[in-house]
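Notes follow the structure.
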Amino acid sequence: MEKIGFIGLGNMGRGMASNIRRKQFAMMVYDLNPKPVAALMELGAEAAADVAALGRASSIAITMLPGPKEVSATAATLLEHMAPGSLLIDMSTVDPETTDALAATAAAKGVGFVDAPVGRLAAHADRGESLFMVGASDADFARAKPLLEAMGTTIHHCGGPGSGTRTKLVNNYPAIILCQLNAEALSLSQGFGLNLETTLEVLHGTTATNGQLKVNWPNKVLKGDIAPGFAIDLAHKDLSLIMQAANAARVPLPVAAAAREAFSAARAQGNGALDFSAMLDVQCRVAGVKPPRLA
Ligand code: NAD
């Protein structure tokens, strides 16, 4: 049976690793924060002394880290220590350049590589209901599949290595832009003095509807819950990745530029650690209107 190593037990990774462990896979874990490591140990996982030890012990190593900087540094150490024939799966949201470099380094060392960034939210990851966008050869995809099935319900094999990361950026562009769009629409509604419930009924009954407004916001910011979830800092990072990648492909994204700077302003005001639905509160402060709340 495969020996799994999992690095990055944050809002997403902790639930994902727990669901793999619950399927009885042998597992070693590592995170800079000892708290989630202790939680995984309670489920029977072993704590790795460091990244190198995890690399040596794992036939499949998984990374679920904040962004390109952490993934590149961690994967460089992993790939020094993983045996030829093992498999590295990066599930973090990073840029295509980082993913392509990892795939090339892994191939040169005889290690398989899968990029499998994650769709949906931390609550889905906890319940084992994530969606995955997978870039992999057919053989590496088949090897990763039992783990993906332990963590999620929906698996899309998007193409060869690098296609998962690229699909994730395409997906996160509207997913994140809609957050700022919702904030502007509801602050305008507040500025007009409209009834919140009626406005929501109207928007949900037309093509103005979207998943953030329909599914996430009523349980988060509109209930006054702005604990992350998915932090404004990470949304800002994803928008920056999207813009960099789009620039490289000479595709202009003017709304992304405007929205990224709205996220930049939110961070400058000290809101980076809040859930990204809190863009509504930031926008309402800019507009000088009261942030709306559901009863
Ligand atoms: P997070 O900040 O909650 O978790 C990151 C974890 O990595 C933390 O536990 C941190 O201690 C650990 N870490 C950081 N640097 C490390 C290092 N060098 N070595 C070991 N551990 C380290 O982030 P998250 O919300 O779990 O997101 C992880 C990735 O998944 C990001 O790329 C994010 O963009 C993506 N993502 C997040 C969501 C979401 O809803 N939160 C959804 C889909 C994808």
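Summary table below
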item	result
Output for the stretch 260-280, where each listed residue is closer than 24 Å to Met12 by Cα and assigned to a helix (DSSP H, G or I)	Arg260, Phe263, Ser264, Ala266, Arg267, Phe276, Ser277, Ala278, Met279, Leu280
Qualifying helices (runs of 4 or more DSSP H) (wholly inside the stretch 28-131; at least 1 residues being charged (D, E, K, R) and over 21 Å from Met1 (Cβ atoms))	34-42, 68-81, 96-108, 122-127
Pairs where the first residue, in the stretch 110-122, is under 30 Å from Gln212 (Cα atoms) and within 7 Å of the ligand (Cβ to nearest atom) and the second is of a type in the set (Lys, Arg) and modelled with pLDDT of 95 or more, C-beta under 7 Å, 6+ apart	Pro117/Lys168
Given (1) surrounded by 14 or more Cβ atoms within 10 Å (Cβ to Cβ); (2) within 21 Å of the chain's Cα centre (by Cα); (3) modelled with pLDDT of 95 or more, index of the condition Pro291 fails	(2)
The stretch 12-55, residues that are acidic (Asp, Glu) and over 17 Å from Ala76 (Cα atoms)	Glu42, Glu46
Number of the exception - Val215 against (1) more than 16 Å from the ligand (Cβ to nearest atom); (2) part of a helix (DSSP H, G or I); (3) without any contact (Cβ under 8 Å) to a residue 40 or more places away in the chain; (4) more than 27 Å from Asp95 (Cα to Cα)	(1)
Evaluation of Phe141 against (1) within 16 Å of the ligand (Cβ to nearest atom); (2) in contact with a strand residue (DSSP E or B) (Cβ under 7 Å, 6 or more places away or on another chain); (3) among the hydrophobic types (A, V, I, L, M, F, W, C) (one fails), failing number	(1)
In the stretch 14-27, the residues that are within 11 Å of the ligand (Cβ to nearest atom) and either touching an Asp or Glu at 6+ places or on another chain (Cβ under 6 Å) or in a strand (DSSP E or B) (or both)	Gly15
Which numbered condition Asp95 fails, given (1) of a type in the set (Asp, Glu); (2) near the ligand (Cβ under 10 Å from one of its atoms); (3) surrounded by 20 or more Cβ atoms within 10 Å (Cβ to Cβ)	(2)
Residue among Leu241, Leu280 that alone is modelled with pLDDT under 95 and touching a Ser or Thr at 6+ places or on another chain (Cβ under 8 Å)	Leu241
In the stretch 81-126, the residues that are among the basic types (Lys, Arg), touching a strand residue (DSSP E or B) at 6+ places or on another chain (Cβ under 9 Å) and at pLDDT 95 or above	none
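The values are calculated or read from the model by the stated rules, or taken from the named source; none is laboratory data. Just so it is clear, the model here is predicted, and its values are computed rather than measured. Cβ: placed from backbone, ideal geometry, glycine included. Neighbour counts: every protein chain shown.
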